[in-house]
Each structure stands twice: as C-alpha cells, then as structure tokens.
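The structure that follows is given in the form of structure tokens.
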Amino acid sequence: MISTGDKLPSMDLMVMTSDGPAKQASSEIFDGKKVVLFAVPGAFTPTCTLNHLPGYVENAEAIKAKGVDDIAVIAVNDPFVTKAWADQANAKGKVTFLSDWDAGFTKALGMETDLSAAGLGQRSKRFSMVVDNGVVTALNVEDSPGEATLSGAAKMLEIL
C-alpha cells in the first residue's frame, strides 16, 4: 500500500471534457501542484453521496485557502458516471472528478478492496491524501467503507 513519502504512480486516468471522456496522465493532475485527493468506493453510493463528497464540496474554498491547488475525487466508475455524479452534487469548479475505470490506479496504490458481497465488485478503499508535487505527504485510510471520518473534509482541514 502507498505510504507517506511515496510518489504516486504515473498512469492514465479518465476525465470528462466538453468533448467527452479523455485520458489524462496522473502527472498532469499532480505534478507541480498541491492536491487533496480522496477516494470513494463508488459514485452515488450512500456514504459517498450523502457524507463524503458533500463535505469536500461545502469546504472547497476553505481547503483551497490553505494552499491547495485542487481537490480531486477518484472512483472506480466510468467517466459518464463520475460526470453525472459531479452534476448531481453541484461540484463543478469545486472538485475534480477522476475516473479509475479499470481500477488500475487504485491497484497501483494498493488501495483496492473486494466489495462483491455488496454487489459492487472490485473498488477502492475509502481514503484521503495530500499530494504535493506528486508525493504523498499525508494519508488517511478508513477501516470501513461505510465511514468517512478519517478521510472526510473536516479531518483534511485539521491536517492542512
């Protein structure tokens, strides 16, 4: 599993653009910037939609005021789903939505979890991290996918 002090893997993620889905290199997202990244087991799932994401949307200005260039959420979902989730959450301009469509990035981080028993298949553990110029400087991993306390926006504001 990735740890504080480790560099993020160099891989492609998917983002939704005005022209449709597009690959974007992780280096474009994280290098030369300070980014708060949080991961959710799935877009539109209850804890993710009702608790985790809203905290970051509501606190986006406060987080960015602490020297953060971007806030990004990553989910093992396709870019159409993450775009619909962004639209539903009124998060445009506050949080960048990253699609880890094949869980490749999640697996490279060592953050995959099998949620097949809940009908979700291979997904991401719930976590948050501060990434400074591609290097993890803080990492919070939840013990349970149904909790968003260690990885939530309030905890992130304390860390920053």
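In region 121-143, which residue that is part of a loop (DSSP other than H, G, I, E, B) and open to solvent by 40 Å² or more (accessible area, probe 1.4 Å) is farthest from residue 75 (Cα to Cα)? Even if it seems obvious, please write down each step before you answer.
To start, the set of residues in region 121-143 that are part of a loop (DSSP other than H, G, I, E, B) comprises 121, 125-126, 133-134, 142-143.
Of the ones still in play, those that are also open to solvent by 40 Å² or more (accessible area, probe 1.4 Å) are 125, 133, 143.
Details: 125: 10, 133: 21, 143: 17 Å.
Per the stated criteria, the residue is 133.
So, one more: Which one of 23, 83, 66, 92 is outside any loop (DSSP other than H, G, I, E, B), open to solvent by 20 Å² or more (accessible area, probe 1.4 Å), out of contact with any Pro (no Cβ under 9 Å at 6 or more places or on another chain) and charged (D, E, K, R)? Before you say what the answer is, go through the steps one by one.
Numbers: 83 fails: out of contact with any Pro (no Cβ under 9 Å at 6 or more places or on another chain); 66 fails: outside any loop (DSSP other than H, G, I, E, B); 92 fails: outside any loop (DSSP other than H, G, I, E, B).
Answer to the check: 23.
Determine whether region 32-44 contains at least one residue that is under 14 Å from residue 79 (Cβ atoms) and either assigned to a strand (DSSP E or B) or among the polar types (S, T, N, Q) (or both).
No: region 32-44 contains no residue that is under 14 Å from residue 79 (Cβ atoms) and either assigned to a strand (DSSP E or B) or among the polar types (S, T, N, Q) (or both).
Being at pLDDT below 95 and among the β-branched types (Val, Ile, Thr) is the filter here, so list the residues in region 94-121 that pass it.
Within region 94-121, just 113 meets the criteria.
Hey, residue 91 hits all of (1) modelled with pLDDT under 95; (2) closer than 20 Å to residue 52 by Cα but one; which does it fall short on?
Result: residue 91 passes all but (1).
Within region 106-120, count every residue that is open to solvent by 20 Å² or more (accessible area, probe 1.4 Å) and either part of a strand (DSSP E or B) or not small (Gly, Ala, Ser) (or both).
6
Another question, then. Considering only region 26-35, state which residues are in contact with a Ser or Thr (Cβ under 7 Å, 6 or more places away or on another chain) and open to solvent by less than 40 Å² (accessible area, probe 1.4 Å).
Step one: filter region 26-35 for residues in contact with a Ser or Thr (Cβ under 7 Å, 6 or more places away or on another chain), giving 26-27.
If the condition is that a residue be in contact with a Ser or Thr (Cβ under 7 Å, 6 or more places away or on another chain) and open to solvent by less than 40 Å² (accessible area, probe 1.4 Å), then 26 is the only one that fits.
Moving on. Taking into account only those residues within region 69-80 that are part of a loop (DSSP other than H, G, I, E, B) and out of contact with any Asp or Glu (no Cβ under 6 Å at 6 or more places or on another chain), which is least open to solvent (accessible area, probe 1.4 Å)? Step through it out loud before you land on a result.
Of all residues in region 69-80, those part of a loop (DSSP other than H, G, I, E, B) come to 69, 76-78.
Okay, now just the ones that are also out of contact with any Asp or Glu (no Cβ under 6 Å at 6 or more places or on another chain), so 69, 77-78.
Details: 69: 93, 77: 22, 78: 66 Å².
If we take residues in region 69-80 being part of a loop (DSSP other than H, G, I, E, B) and out of contact with any Asp or Glu (no Cβ under 6 Å at 6 or more places or on another chain), then 77 is least open to solvent (accessible area, probe 1.4 Å).
Here's something else I'd like to know. Can you tell me which of (1) open to solvent by less than 50 Å² (accessible area, probe 1.4 Å); (2) assigned to a helix (DSSP H, G or I); (3) farther than 23 Å from residue 111 by Cα is the one residue 61 doesn't meet?
(1)
Are any of the residues in region 39-54 at positive phi, open to solvent by 30 Å² or more (accessible area, probe 1.4 Å) and either modelled with pLDDT under 95 or under 15 Å from the mean Cα position of the chain (by Cα) (or both)?
So far as region 39-54 goes, yes, one or more of its residues are at positive phi, open to solvent by 30 Å² or more (accessible area, probe 1.4 Å) and either modelled with pLDDT under 95 or under 15 Å from the mean Cα position of the chain (by Cα) (or both).
The values are calculated or read from the model by the stated rules, or taken from the named source; none is laboratory data. None of these values were measured; they are calculated from a predicted model. Ideal geometry is used to build each Cβ from the backbone, glycine not excepted, and the neighbour counts take in all protein chains shown. Each accessible area value is taken on the protein alone, full model and side chains, heavy atoms only, with ligands, DNA and RNA left out. Shrake-Rupley method; radii C 1.70, N 1.55, O 1.52, S 1.80 Å.
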